[in-house]
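Values in this text are rule-based calculations from the coordinates and carry no lab data. For clarity, every value in this text was computed on a predicted model and none was experimentally measured. Note that each Cβ is placed from the backbone with ideal geometry, even for glycine, and that neighbours are counted across all protein chains shown.
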Amino acid sequence: MSATLYVGISELVQPHADAGSSRDPLSVTRDAALLVRNGVVVAAGPRELVRSVPDVAAAEQVDLGGRAVIPGFIDSHTHVVHAGERVDDLARRARGETYASIAKAGGGIRRSVRHLAEATIEEIAQQSLPRLDAMFACGTTTVEVKTGYGLTPELEEKHVAAIELTAKSVKQQLLPTLLAHVPVSPTGIEREDVVRAWHDTVIPKLAKRVRYFDVFVEDGAFTADEARKLCGYARSHGLGLKLHVDQLRDGGGAALAASLGALSADHLEHTSAVGARALADTGVLACILPGCSLMLRDWPNARALREAGCEVAIASDCNPGSSPLVDLTLCGLLAATQCGLTLDEALWGITRGGAKALGLHDRGRLVPGERADLVVVDHTDFRAIFARPNRPPVHRVIVGGLPK
Ligand SMILES: [Zn+2]
């Protein structure tokens with residue numbers, strides 16, 4: 001593959017490897033250039049410096065016309081591959097019903113479970129592709145995707161197959177996660193049998209087809225003890241750990257994620273100062289989901305998480321009920337306006353933060369050796385990416401060095 005030299009870059013935004021404790025987790029180089037070879041960044045920085053790299057003359061030159069360049073966005077928490085919509089749930093929510101009462105009435109996760117059971121694998125993939133296309137158009141180049149609408153071993157395997165089929169037709173990379181969502185089963189088996197099925201069947205059978213294991217720890221979902229048991233077993237199968245915690249109340253979930261050495265603890269709407277410190281001390285990413293907060297009117301305090309020393313990632317939680325959002329720039333904007341982050345911290349959270357929340361070391365920045373996944377902003381000022389949520393000013397998205 002030939003090399004490409006990108007010039008005409010007004011601002012090249014470089015997230016720091018670690019968010020640090022300051023409010024300034026990025027560096028910005030003006031009048032920059034970027035040299036890419038075989039899909040990987042070879043050099044990035046001031047134009048004259050990049051032009052002095054050996055063999056640069058052999059590269060094809062592409063002028064970006066004075067636009068800002070930022071790393072491609074990494075959505076570290078989604079349920080984007082699913083069947084059906086939950087319009088009834090939306091109507092109930094608009095009438096003031098709660099997450100719990102909607103679930104009790106047969107909506108929520110159980111409705112998505114029925115939709116998944118009734119659709120074919122091909123139909124699930126077909127319904128998911130437009131959502132992933134919309135994510136890509138907003139600059140998202142890596143997407144974690146959870147199962148969890150199967151519940152039974154057979155339907156969880158179907159959900160994995162639907163993610164695999166979807167992944168073949170999208171422009172970005174999909175990274176699958178097995179999600180133990182709720183300990184009930186459409187076939188009515190007992191709670192202990194559901195946990196046993198995850199332990200004896202789902203994890204050992206499907207671990208090789210996914211990268212991560214996630215468990216929803218909450219009243220009405222799995223207990224901390226159940227999560228501990230399943231996470232330990234998933235780790236022994238080589239899976240990275242991620243947890244849904246402290247969404248509806250402080251259940252000590254952040255401390256649980258810290259004790260398990262998870263990659264990230266996600267949600268955190270009700271995490272205590274003790275939980276935040278546990279995440280900071282262990283380097284577990286704090287991942288907030290502002291789309292879900294927007295729908296449920298329950299915001300995490302990301303400023304407090306940062307002040308406790310946490311690194312904060314931001315993900316869409318794209319799902320058919322509590323967060324229909326696909327646009328990480330909107331999530332970043334909400335993280336800033338509603339949760340207390342600066343725009344620089346928000347950009348860190350959807351780039352390097354997303355990568356760290358997935359344990360990925362090859363993306364999220366534009367430094368030599370990392371993947372050339374990038375967003376060309378249709379503006380000289382990179383912060384403009386947050387200024388038009390749902391239709392962010394994306395001039396071009398490049399994955400592995402190639403325009404898509
Ligand atoms: Zn979720």
(request) Using only the Cα atoms, work out Rg/Rh for the range 1-93, with Rh taken as the Kirkwood radius, to two decimals. (result) 1.21
(message) Pick from ARG352, ARG95, ARG303 the residue whose mean-square fluctuation is largest in a GNM of the chain, springs joining Cα atoms under 10 Å.
(response) ARG95
(message) Starting from 0.36 nm per residue, how many nanometres of slack lie between SER236 and VAL40 once their C-alpha separation is accounted for?
(response) 67.4 nm
(request) Quickly work out the HIS361-to-HIS16 label distance, labels modelled 7 Å from Cα along the C-beta direction, and quote it in nm with one decimal. (result) 2.1 nm
(request) Could I have the simple spin-label model distance between ARG23 and GLN61, label points 7 Å from Cα toward Cβ, reported in nm to one decimal? (result) 4.1 nm
(request) For the range 74-357, state what percent of all Cα-Cα pairs lands in each successive 10 Å bin, counting from 0 Å until the bin that includes the largest distance. (result) 7, 32, 40, 20, 2
(message) For the chain, give me the percentage of DSSP beta bridges that are antiparallel, rounded to the nearest 5 percent.
(response) 45 percent
(request) Treat each spin label as a single point 7 Å out from the Cα along the C-beta direction, and report the ALA91 to ASP381 distance in nm. (result) 4.4 nm
(request) Would you mind calculating the gained length between ARG30 and ALA137 on full extension (0.36 nm times residue separation, minus the Cα-Cα distance), in nm to one decimal? (result) 36.0 nm
(request) Report the extension gain between ARG391 and THR98 in nm, rounded to one decimal, defined as 0.36 nm multiplied by the number of residues separating them, less their alpha carbon distance. (result) 102.5 nm
(message) Based only on Cα atoms, what mean projected area does the convex hull of the range 264-345 have, in nm²?
(response) 4.7 nm²
(request) Could you please tell me the mean projected area of the C-alpha convex hull for the range 225-280, averaged over all directions and given in square nanometres to one decimal? (result) 3.4 nm²
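Using only C-alpha atoms and all pairs of different ones, pull out the Kirkwood radius for the range 331-404 in Å with one decimal.
Hydrodynamic radius (Kirkwood, Cα only) of the range 331-404 equals 13.2 Å.
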(request) Any of LYS208/LYS242; LYS229/LYS356; LYS208/LYS356; LYS146/LYS242 with alpha carbons more than 19 Å apart? Name them for me. (result) LYS229/LYS356; LYS208/LYS356
(request) Answer with one residue from PHE386, PRO368, GLY353: the one whose Cα lies farthest towards the positive end of the charge dipole of the range 299-404, charges on Cβ with Lys, Arg +1 and Asp, Glu -1. (result) PRO368
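Ranked highest first by average number of other Cβ atoms within 10 Å, how do 211-224, 126-139, 17-30, 320-333 line up?
Sorting 211-224, 126-139, 17-30, 320-333 by mean packing, highest first, produces 320-333, 211-224, 126-139, 17-30.
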(request) Report the calculated FRET efficiency for ASP225 and LEU49 (r = Cβ-Cβ distance, R0 = 60 Å), to the nearest 0.05. (result) 0.65
(message) As I understand it, the value is the acute angle between the Cα axis of helix 153-167 and the longest principal axis of the Cα atoms of the chain; what does it come to in degrees, rounded to 10?
(response) 20 degrees
(message) Give the lysines reachable from LYS171 as a straight Cα distance under 16 Å; neighbours fewer than 8 places away on the same chain don't count.
(response) LYS404
